[in-house]
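Notes to accompany the following structure.
The values are calculated or read from the model by the stated rules, or taken from the named source; none is laboratory data. Just so it is clear, the model here is predicted, and its values are computed rather than measured. Note that each Cβ is placed from the backbone with ideal geometry, even for glycine, and that neighbours are counted across all protein chains shown. In case anyone asks, the SASA skips ligands and DNA or RNA and just uses the protein heavy atoms, side chains included. Shrake-Rupley method; radii C 1.70, N 1.55, O 1.52, S 1.80 Å.
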Amino acid sequence: QVQLVESGGGLVQPGGSLRLSCAASGSVFSISVMGWFRQAPGKQRELVAVITSGDTTNYADSVKGRFTISRDNAKNTIYLQMNSLQPEDTAVYYCNAQVRRTQWSSFNGYWGQGTQVTVSS
């Protein structure tokens, strides 16, 4: 089993900041790409940011310059620093990881349970 546990969501005023964390645990041999996705009410889940094991990053245009994704490979953990938050950033944020459970297995995708981020005055 592989578990992804997110933390750090909450309520923040427009212009404020939050930092999300996602830790992978369980049967983890290696992790390639990890990332953050979000889903607002009535909308499809969308990519926010991803990071490879070599620290290559990619961001959605809507968050470039405001959000920063980082990774601690030793802890199988990623972070999302979110600055200058706006009401349109309100969503449930989900962590995703491409995990290989043994040296002989292929990579499979796993999701966390999600953490709510609400930006409102």
| In debye to the nearest 20, how big a dipole does segment 49-121 give about its Cα centre with +1 on each Lys and Arg Cβ and -1 on each Asp and Glu Cβ? | 280 debye
| Net +/- balance of residues flanking Gln81 in space, Cβ distance below 11 Å, scoring K and R +1, D and E -1 | +2
| query | Once a ≥ b ≥ c are taken as the square roots of the eigenvalues of the Cα gyration tensor of the chain, is the result rounded (a/c under 1.5), prolate (a/b larger than b/c) or oblate (a/b not larger than b/c)? | reply | prolate
| query | By accessible area of protein heavy atoms, probe 1.4 Å, what ranking do Phe67, Phe37, Phe107 get, highest first? | reply | Phe107, Phe37, Phe67
| note | Exposed trypsin sites (Lys or Arg not before Pro) being those in a DSSP loop with at most 12 other Cβ atoms within 10 Å, the longest stretch of the chain free of them is 65-121
| said: Below 13 angstrom from the Cβ of Gly109, what's the summed charge of the other residues (Lys, Arg +1; Asp, Glu -1)? | reply: +3
| query | How many nm is it between the label spots at Gln39 and Trp104, if each spot is 7 Å from the Cα in line with the beta carbon? | reply | 3.5 nm
